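A quick write-up on the structure given underneath.
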Amino acid sequence: MKRKIMEKLLQWRNQRTDRMPMLLYGARQVGKTFVMRELAAVGFQNTVYVNFEEDQRIGEYFRGNIKADEVLSVLETYFHTRIIPDQTLIIFDEIQMCERALTSLKYFAEEAPEYHVIAAGSLLGVALKREQFSFPVGKVQMLTLYPMDFEEYLWAKGKELLAEEIRKHFAENTVMAAELHQDAMQEYRHYCITGGMPAVIKADIARDAVLTQEEIRQMILNAYIADMAKYAQEKETVKIFAAYDSLPVQLARDSKKFQYKLIKSGARASQYGDSIDWLVQSGIVYKCGKCTQGFLPPAAYQDLSAFKLYYSDLGLLSARTGMTEQSLLARESERFRGIYAENYAACALRANGYELFYWESEGTAEVDFLIVREGRVIPVECKAGDHVKAKSLMVYREKYDPAYCIRISGRNFGMKDGIRSVPLYAVFCI
């Protein structure tokens with residue numbers, strides 16, 4: 001499966017000066033191991049692959065000297081192979097299981113920059129479970145891998161030409177042919193259920209998969225829940241799960257502002273604030289902060305007490321709610337289609353590097369997202385269907401006079417009255 005992050009990894013591979021070890025962040029099951037092995041296959045002659053979860057014995061060697069030359073000597077002896085600069089890729093997988101290995105990256109940056117070292121681990125462990133040893137701040141280059149976006153999903157399904165057409169029409173802001181538009185919308189609706197976890201997409205494509213994509217989605221959801229107990233402190237686990245379990249109810253409200261009372265009666269921020277932070281830092285959910293003004297930079301105008309939470313992958317949302325593509329199209333699911341569309345847009349914007357903000361005006365108007373694009377604050381409204389009346393967007397325009405607005409919906413490309421129409425399937429282009 002082709003992943004966009006590979007281009008950045010190849011740039012790192014070819015860097016000749018000031019190269020630091022690469023640390024690949026990402027939530028569970030987003031494909032970190034796959035992309036590291038793919039990098040090894042296309043960019044190096046041989047690989048030393050260390051998995052600290054599967055082989056705990058290797059972790060024992062990191063209890064002693066973790067200077068670069070000592071680590072290299074241990075790896076060569078342990079794996080019976082020579083490690084040659086510019087030819088060998090050293091992979092530290094599941095590095096959260098060995099804190100000293102993570103610390104050792106500092107010495108590779110300082111003492112042996114000629115070696116290519118890439119490490120990966122769950123955000124749950126790398127970001128949150130640091131018990132004894134320091135994080136190598138400023139000594140590693142960090143990239144975040146997200147679930148596959150809609151364009152990568154199309155690539156995996158062999159629909160590269162459709163993806164190219166979408167990008168072409170987005171760039172030119174011209175209407176897609178009706179047949180292509182319908183085809184892309186159908187793929188979007190299917191993606192709303194599968195989400196972007198590589199294992200799910202692979203099973204969805206395969207005709208002879210041992211497990212169905214529905215079963216894999218449920219397994220991943222269950223694994224996320226199990227990790228809450230694995231990485232969180234015992235007293236926090238129940239609260240973290242309760243907060244996460246409330247997400248469908250939170251998203252189903254007219255105002256999607258997170259409300260602690262929906263976790264349980266009488267719940268307060270003082271009780272559940274740390275649990276929310278844990279979910280955000282782990283990459284399980286995305287946080288969208290409330291802005292009270294439409295000025296640059298949005299982060300300076302946040303109301304820190306108000307925010308929305310979205311699932312980091314649509315497949316987790318569909319697994320949690322039990323929705324299928326057929327049920328999502330049902331008349332009685334019209335409201336939930338809007339929830340899926342908004343969560344989908346949040347995932348797509350986050351994968352493209354945008355911080356997530358929304359705007360609210362004294363409870364009378366709300367714009368789904370504010371993004372900083374080309375040095376300007378652009379309001380973004382998201383609709384599930386063709387009905388695109390957006391009073392809140394009009395209120396925002398009158399108040400802040402943005403260069404233009406973006407309306408994501410089931411409609412084709414277009415521009416009218418300063419509002420740019422972007423079909424749901426084209427959000428990856430923004």
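The values are calculated or read from the model by the stated rules, or taken from the named source; none is laboratory data. A quick note: this is a predicted structure, and the numbers were derived from the prediction, not measured. A quick note on method: Cβ atoms are made from the backbone with ideal geometry, for glycine too, and the neighbour counts reach across all protein chains shown.
Data table
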quantity	calculated
Candidates A330, A403, filtered to the one that is touching a residue at least 12 places away in the same chain (Cβ under 8 Å) and surrounded by fewer than 15 Cβ atoms within 10 Å (Cβ to Cβ)	A403
Enumeration of residues in region 371-393 that are surrounded by 15 or more Cβ atoms within 10 Å (Cβ to Cβ) and more than 25 Å from the chain's Cα centre (by Cα)	V388, A390, S392, L393
So Y396, is it crowded, with 20+ Cβ neighbours inside 10 Å and over 27 Å from the mean Cα position of the chain (by Cα)	yes
Residue check for D208: within 18 Å of L356 (Cβ to Cβ), surrounded by fewer than 17 Cβ atoms within 10 Å (Cβ to Cβ) and either free of Cβ contacts under 8 Å to residues at least 40 places away in the same chain or assigned by TED's automatic domain parsing to the domain that holds V30 (or both)	no
Test: A27 is of a type in the set (A, V, I, L, M, F, W, C), over 30 Å from N222 (Cβ atoms) and within 25 Å of the chain's Cα centre (by Cα)	no
Qualifying residues in region 242-276 (those that are among the hydroxyl-bearing types (S, T, Y) and either surrounded by 17 or more Cβ atoms within 10 Å (Cβ to Cβ) or part of a loop (DSSP other than H, G, I, E, B) (or both)) - the one modelled with the lowest pLDDT	S255
Selection from region 358-381 of residues that are closer than 17 Å to D254 by Cα and modelled with pLDDT of 95 or more	Y358, W359, V367, D368, F369, E381
Condition met for C347 (crowded, with 23+ Cβ neighbours inside 10 Å and either over 19 Å from C405 (Cβ atoms) or not assigned by TED's automatic domain parsing to the domain that holds Y404 (or both))	yes
Hits in region 194-225 - residues which are aliphatic (A, V, I, L, M) and in a helix (DSSP H, G or I)	A199, V200, I201, A203, I205, I216, M219, I220, L221, A223, I225
Residue match in region 298-320 (condition: surrounded by fewer than 18 Cβ atoms within 10 Å (Cβ to Cβ) and part of a loop (DSSP other than H, G, I, E, B))	no
S312 vs. criteria at pLDDT below 95 and among the small types (G, A, S)	no
